[in-house]
Amino acid sequence: MNYRRLYVSNRIVFITVVTSKRREILIDNIELLKYSVTNAHKYYKFSIIAICVLKDHLHFLLQPQNIKDYSKIITLIKRTFSKNIDISKIKDYKLTSSNIKRNERDIWQKRFWEHTIRDEEDLYKHIDYIHYNSQKHYRIAPKDWKYSSFENYVKKGWYDIEWYNFGDKREIEKLNYE
């Protein structure tokens, strides 16, 4: 099956990457994930506008210098992480014959989800959605989830520390980009 991605120059892309079998391995390996992103920076120029890492998936807004690189960036992050993770510590880890044949480690779902940001309103909705994710999945307020860019947004004055406890709560809860 040929899979096609949309590449619109000078755009930000919302990305969702999920672990295989929704294994909860990302927080326990957060330093490796950071290293994997740093490693990708050695080969590609990009910015991460907002991010939230959860136990089994992550959402982020990626702004690559060359829009055609975003698939390569995700591939390199996943590959670096997969190559360096200690599989002996992963519960229920077992390779299939297909994994072995393809030389895959079965750490990530094969595909990732992307959405090209259309305009400023779309961008703000996705930033809110990213920072709302700890509340959505774990009922942990964004201010208490240390695996996101929320604190940086608060420091810059773009969010109040008590964000999500305000009246816009109902609007945020309607967002679903999974």
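Just the Cα atoms of the chain, one point each, no solvent: what log10 I(q)/I(0) does Debye give at q = 0.11, 0.16, 0.19 Å⁻¹?
Each listed q corresponds, in turn, to -0.50, -1.03, -1.38.
What is the gain in length, in nm to one decimal, between residue 65 and residue 98 on full extension, counting 0.36 nm per residue of separation less the C-alpha to C-alpha distance?
8.4 nm is the gain from fully extending residue 65 to residue 98.
Based on DSSP H runs of at least 4 residues, each adding -39500 (n - 2.57), what is the mean residue ellipticity at 222 nm of the chain after dividing by all its residues, to the nearest 500 deg cm²/dmol? Don't jump to the answer; show the numbers that get you there.
Details: 6 runs with 66 residues, N = 178.
Roughly -11000 deg cm²/dmol at 222 nm, from the helical runs in the chain.
For a 30 Å ceiling on Cα separation, which of these pairs sit above it: 72/125; 68/94; 72/143; 68/125; 21/146; 42/136?
Correct reply: 68/94; 72/143; 42/136.
Which number comes out as Rg/Rh for the stretch 21-125 once both Rg and the Kirkwood Rh are worked out on C-alpha atoms?
Numbers: Rg = 14.8 Å, Rh = 15.0 Å.
Rg divided by Rh gives 0.99.
Whole number please: convex hull volume per residue of the Cα set in the stretch 74-128, in Å³?
Details: hull volume 6.7 nm³, N = 55.
In the stretch 74-128, the Cα convex hull volume per residue is 123 Å³.
Where in the stretch 2-47 are there trypsin sites (Lys or Arg not before Pro) that are in a DSSP coil and have at most 16 other Cβ atoms within 10 angstrom of their Cβ?
4, 5, 11, 45
Mean 1/r over all different Cα pairs, inverted: what Kirkwood radius does the stretch 9-54 give, in Å? All intermediate terms of the calculation are to be shown ahead of the outcome.
Values: mean 1/r = 0.0808 Å⁻¹.
By the Kirkwood definition, the hydrodynamic radius is 12.4 Å.
Give the relative contact order (percent, whole number) for the chain; include only Cα pairs under 8 Å separated by 6+ residues.
Details: 225 pairs, mean separation 48.0, N = 178.
Relative contact order of the chain: 27 percent.
Need the C-alpha centroid separation for the stretch 67-111 versus the stretch 1-43, integer Å.
A separation of 11 Å, based on Cα centres.
Pick out, from 17, 74, 96, the residue whose Cα sits farthest towards the positive end of the charge dipole of the chain, with +1 on the Cβ of Lys and Arg and -1 on the Cβ of Asp and Glu.
Comparing the listed Cα positions along the dipole, 96 ranks first.
Bear in mind these aren't lab numbers, they're just calculated from the coordinates by the rules spelled out. Model, not experiment: these values are computed from the prediction. Here the Cβ is made from the backbone with ideal geometry for all residues, glycine too, and neighbour counts use every protein chain on show.
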